[in-house]
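The values are calculated or read from the model by the stated rules, or taken from the named source; none is laboratory data. This structure is a prediction, so every number in the text was calculated from the model and none was measured. With ideal geometry, Cβ positions are generated from the backbone for all residues, glycine too; neighbour counts draw on all protein chains shown.
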Amino acid sequence: MGFNRSVGYELETCSRKTMKRCAVLLLIGLLAGCAGQMRSAGTGFQFASDAPAIKATLDTTAAGWNRGELPVYLSAYVDSATAMGSTGLVRGVRGIEAQMRAGFWRTGRPAQTLSYDHLEIRSIGPNQAIVTGQYILTGGAIPNRTGWFTTIWVRTPSGWRMVHDHSS
């Protein structure tokens with residue numbers, strides 16, 4: 001022991017050093033554990049699961065469409081959503097439903113099968129995304145139809161939902 005040091009000084013110093021090391025290691029561990037849940041480098045999304053969640057919602061819309069379940073297809077929209085189509089701007093999910101029933105769902109169910117291709121899902125904010133792609137309608141003994149779309153999505157308590165759909 002050195003001059004002017006009380007007994008136990010070394011133990012106290014060692015204990016503080018150990019506590020600091022443990023705190024640093026704990027912090028590193030927490031950050032590493034959260035890294036898998038936090039945004040992936042370069043994507044701009046808040047969580048690594050955001051783009052797959054949007055893709056899963058799109059898959060649900062196509063599955064609902066193909067089963068003839070319009071409410072499942074429409075579940076991807078927030079109630080106040082807008083849609084731009086060949087007839088112009090439509091407001092609200094009920095307006096979008098009416099547009100679908102007047103067109104693709106004239107007979108109570110769609111005549112063709114829906115699928116999506118060339119999807120690009122990009123973050124435009126921590127809780128917003130833009131999705132572009134191609135819709136493809138096939139079958140039904142009528143010529144196939146394809147078109148391009150841009151949709152704007154927001155994170156809601158129910159998951160990712162569309163606030164705007166522009167299809168051509």
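Here are the numbers for the structure shown:
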| item | result |
| --- | --- |
| Residue count for the range 42-54, restricted to those that are in a helix (DSSP H, G or I) and surrounded by 15 or more Cβ atoms within 10 Å (Cβ to Cβ) | 4 |
| Checklist (1) farther than 24 Å from residue 127 by Cβ; (2) modelled with pLDDT of 50 or more applied to residue 47, failing item | (1) |
| Unique match (being of a type in the set (S, T, N, Q) and closer than 22 Å to residue 59 by Cβ) among 113, 82, 87, 107 | 113 |
| Of all residues making up the range 118-168, the number that are aliphatic (A, V, I, L, M) and in contact (Cβ under 8 Å) with a residue 40 or more places away in the chain | 8 |
| Residue list for the range 96-132, filter: modelled with pLDDT of 95 or more, out of contact with any Gly (no Cβ under 8 Å at 6 or more places or on another chain) and buried (at least 17 other Cβ atoms within 10 Å of the Cβ) | 96, 97, 114, 121, 129, 131 |
| Test for residue 88: is it more than 21 Å from the chain's Cα centre (by Cα) and surrounded by fewer than 15 Cβ atoms within 10 Å (Cβ to Cβ) | yes |
| Cβ pairs under 8 Å, 6+ apart, first in the range 46-59 and within 19 Å of residue 135 (Cα to Cα) and of a type outside the set (S, T, N, Q), second surrounded by fewer than 16 Cβ atoms within 10 Å (Cβ to Cβ) and modelled with pLDDT under 95 | 51/43 |
| In the range 150-162, the residues that are closer than 17 Å to residue 60 by Cα and touching a Ser or Thr at 6+ places or on another chain (Cβ under 7 Å) | 159, 160, 162 |
